[in-house]
Amino acid sequence: MPLRPRGWWLILLVLAAITLPIVVGYLWIVIGSFNTRVHGITPVGEWTLENWRFLGERVGRRPPIWTALLNTLLFAGGVSLLVVTVSAMAAYAISRLSFPGRGWFLGLVLVLHAFPAVSLLIASYYVLRVLGLFDSLVGVVLVMTSFMMPFGIWLLKGFFDGISWEMEMAALVDGASRWRIFRTIALPLVRPGLFALAVFTFLVAWGEFILPYTFIVSGRTWTLSIYLQSMLGDFERADYGLVAAVGLFYILPAVAVFLVGQRYLLDMYFGGSKG
Amino acid sequence: MSADRRNGGAVPVSLRGLAKRFGSVQALKPLDLDIAGGELIAFLGPSGCGKTTTLLLIAGIYRADEGEIWFGDRRVDGLHPRDRDVGMVFQSYALYPHLTLFENIAFPLRLKKVPNDEVKRRVEHIAEVLGIAEQLHRRPSQVSGGQQQRAAIARAQVKEPSILLLDEPLSNLDAKIRLQARGEIRRLQKELGVTSILVTHDQSEALAMADRVAVFSDGQLRQFATPDELYARPADAFVASFVGFPPMNLFEGEVRGGEFLTDGLRVPVPRSWPEGRARLGIRPEHVRLEGDVEGEMVGFEPQGREFLVNVRVGARQLQVLTTARPPDTSTLRLSFPPDHLHLFDEEGARLDV
């Protein structure tokens, strides 16, 4: 039985009070998406599926929602895959190999980790323009990946640091090259870290708004965050039922990924693999 | 190739002027050592003495700053570990936790691209020899420490290397299994006839298992000799005090007129001994509880078959190991048989007299 500290109900009460506004927000989304009119969180209109009409038709001049969903999946999946792959290699090198400038590089990664990436928006814009990647999904994926890499490298370095040197020596004596050790020994041993980073970056990228909004113009490359935003800031009057439905539609995949990946995320915060 | 080795083709190892520095620390001072093919050698010494450094130099994990390493007529010090043909057992066993014992043992063979059916045959054979055939489908965390240790030996030995390196392979085992494992490793090594180097800080392990023992301290080889020789004729005061338990009694003093003199203790020595400052050593088991030297018993420990007695003579204390229960008086009479006295100069080097 889990140990309950004294006054646990008081703690629970405080936590519940803090969480309440967020819960109310979610409640509003769920209720609002299935009702024609809502006062506060009280449904006053009729229950309806009308708000979900965006699933079958284009709303205004926006691209089909399925295009936006696919783009978001490609964006979040691409960022996740790239961050994990490149961070893993970089982190292994920093953790295990000695090369000139290693300490300097390590410091740089740490500084970049703390650096507000948004201040690089304009610079990134110019880079993408020069590369011809402006208004393309690949371009945003690259920018997002580079912004998330310092975090990924630091996280995975911690996991690689946890692998015993003797194990690596054993593999060397057994006849493996460093590249071979990286693939067949080190990577499988930090798998919890890789999964955690993959889930985390996927979720962050899924919710990312500023980068797609800045670097994507055409409707066919819209992500869901742009789609949702377009319903709030437009000339037409916001249809709150529709906004709620799209919002719920946007949240559901993220919730699914979180539910599947939460045990890896826990691993991430305890930062280490057990052998 | 491996068949040749079993027929007496075991590979000798030769270290010539081998040295290693870490930053400003000289971890290993230039070392010369010749190991015959098929021998089991122990590297013995306290931690930080250079024994593991030497082992890792031989394995190719560390790169030597100076010197050469020869396996038979093959110079290997410039080679990658995988090209040296060594097997190694680590203190922590360093098994790969995500692989079954079978895949752990098979790993070196897979890297050599040995065909699948031969991998299976060889892994099962070595597992049979080491008594872990039933555990092959398990992961390291699912078997006992003793079985993990055998799996580590199997992995080191499965590719039939020229040299087998063992880094404290027994120190993570329970005391009871450790004695048994000692015998097993020794038996296996003899059967395979593979040249082997065992690193240990446990002198009883080194003396019991090795054909010859290399004693290290402060990055320097102190003596390389058979266990008998180490015990009977330690090359210096460090070896004298490190090998043997309880340790040898050592006194600093002076040889003058057929006597060794130190703070109230006078030991008659042969007149032929050179006079001057020196160190005198005698093992606790060689001090006799009869004679002319008077001492005071200050401690007494029964040790089952023997008794360990602490005696104060003048300002000096020494230990005496005796099978006969010492008399029940606080005053003891001792003598130091000249045959069992060891003489070292002021720097600690043995003086042959």
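From the set of residues in region B:328-346 that are assigned to a loop (DSSP other than H, G, I, E, B) and in contact (Cβ under 8 Å) with a residue 12 or more places away in the chain, which is surrounded by the most Cβ atoms within 10 Å (Cβ to Cβ)?
Across region B:328-346, the extreme among qualifying residues is B:F336.
Would you point out the residue of region B:81-102, among those that are part of a helix (DSSP H, G or I) and either out of contact with any strand residue (DSSP E or B) (no Cβ under 9 Å at 6 or more places or on another chain) or of a type in the set (A, V, I, L, M, F, W, C) (or both), that is nearest to the other protein chains (Cβ to nearest Cβ)?
Only one residue fits best here, namely B:R82.
For region B:305-327: of the residues being more than 28 Å from the chain's Cα centre (by Cα) and of a type in the set (A, V, I, L, M, F, W, C), which is surrounded by the most Cβ atoms within 10 Å (Cβ to Cβ)?
B:V311
If we scan region A:31-49, do we find a residue that is under 18 Å from A:L252 (Cβ atoms), over 27 Å from the mean Cα position of the chain (by Cα) and of a type in the set (K, R)? Spell out how you get there, then give the answer.
Filtering region A:31-49 down to residues under 18 Å from A:L252 (Cβ atoms) leaves A:31-34, A:49.
With the extra rule that they be over 27 Å from the mean Cα position of the chain (by Cα), the set shrinks to A:34, A:49.
So of that shortlist, the ones also of a type in the set (K, R) come out as none.
No, region A:31-49 contains no residue that is under 18 Å from A:L252 (Cβ atoms), over 27 Å from the mean Cα position of the chain (by Cα) and of a type in the set (K, R).
Looking at region A:226-236, is at least one residue under 24 Å from A:Y125 (Cβ atoms), aliphatic (A, V, I, L, M) and either touching a residue at least 12 places away in the same chain (Cβ under 8 Å) or crowded, with 20+ Cβ neighbours inside 10 Å (or both)?
Yes, some residue in region A:226-236 is under 24 Å from A:Y125 (Cβ atoms), aliphatic (A, V, I, L, M) and either touching a residue at least 12 places away in the same chain (Cβ under 8 Å) or crowded, with 20+ Cβ neighbours inside 10 Å (or both).
Filter region B:103-129 for residues that are of a type in the set (K, R) and in contact (Cβ under 8 Å) with a residue 24 or more places away in the chain; which is farthest from the other protein chains (Cβ to nearest Cβ)?
Among those that are of a type in the set (K, R) and in contact (Cβ under 8 Å) with a residue 24 or more places away in the chain, it is B:R122.
Pairs only if they're at least six apart or on different chains, beta carbon under 7 angstrom, first in region A:169-189 and more than 7 Å from every other protein chain (Cβ to nearest Cβ), second acidic (D, E) and in a helix (DSSP H, G or I); list them, first residue then second.
Every condition considered, the pairs that remain are A:I181/A:E168.
Among the numbered criteria (1) within 14 Å of chain A (Cβ to nearest Cβ); (2) outside any loop (DSSP other than H, G, I, E, B), which one does B:G67 miss?
Of (1) within 14 Å of chain A (Cβ to nearest Cβ); (2) outside any loop (DSSP other than H, G, I, E, B), only one is false for B:G67: (1).
Inside region B:260-300, can you point out the residues that are part of a strand (DSSP E or B), modelled with pLDDT under 90 and charged (D, E, K, R)?
Once the filter is applied, which keeps residues that are part of a strand (DSSP E or B), modelled with pLDDT under 90 and charged (D, E, K, R), region B:260-300 yields B:R266, B:E290, B:D292, B:E294.
Hey, can you tell me all the residues within region A:145-168 that are within 7 Å of another protein chain (Cβ to nearest Cβ) and farther than 11 Å from A:R96 by Cα?
Of everything in region A:145-168, those that are within 7 Å of another protein chain (Cβ to nearest Cβ) and farther than 11 Å from A:R96 by Cα turn out to be A:E166, A:M167.
Which ones in region B:58-100 are more than 24 Å from the chain's Cα centre (by Cα) and among the basic types (K, R)?
B:R74, B:R75, B:R82
Given region B:173-250, what strands (runs of 3 or more DSSP E) lie entirely inside it while holding 3 or more residues that are closer than 20 Å to B:L28 by Cβ and over 11 Å from the mean Cα position of the chain (by Cα)?
The qualifying strands (runs of 3 or more DSSP E) are B:220-225.
Taking the stated definitions as given, is B:A324 free of Cβ contacts under 8 Å to residues at least 40 places away in the same chain, among the small types (G, A, S) and more than 17 Å from B:G244 (Cβ to Cβ)? Even if it seems obvious, please write down each step before you answer.
On the way: free of Cβ contacts under 8 Å to residues at least 40 places away in the same chain: yes; among the small types (G, A, S): yes; more than 17 Å from B:G244 (Cβ to Cβ): yes.
For B:A324, the condition - free of Cβ contacts under 8 Å to residues at least 40 places away in the same chain, among the small types (G, A, S) and more than 17 Å from B:G244 (Cβ to Cβ) - is met.
So, in region B:149-161, how many residues would count as being surrounded by fewer than 24 Cβ atoms within 10 Å (Cβ to Cβ) and either away from chain A (no Cβ under 12 Å) or among the acidic types (D, E) (or both)?
Counting residues in region B:149-161 that are surrounded by fewer than 24 Cβ atoms within 10 Å (Cβ to Cβ) and either away from chain A (no Cβ under 12 Å) or among the acidic types (D, E) (or both) gives 1.
May I ask you to verify whether A:A88 is among the small types (G, A, S), assigned to a helix (DSSP H, G or I), more than 16 Å from the chain's Cα centre (by Cα) and modelled with pLDDT of 95 or more? Before the answer, list the steps.
Details: among the small types (G, A, S): yes; assigned to a helix (DSSP H, G or I): yes; more than 16 Å from the chain's Cα centre (by Cα): yes; modelled with pLDDT of 95 or more: yes.
Yes.
Quick one: would you say A:I18 is among the β-branched types (V, I, T) and more than 30 Å from A:W222 (Cβ to Cβ)?
Criteria met by A:I18.
The values are calculated or read from the model by the stated rules, or taken from the named source; none is laboratory data. Since this is a predicted model, take the numbers as computed values, not measurements. Counting neighbours? That spans all protein chains shown, and the Cβs are built from the backbone with ideal geometry, glycine included.
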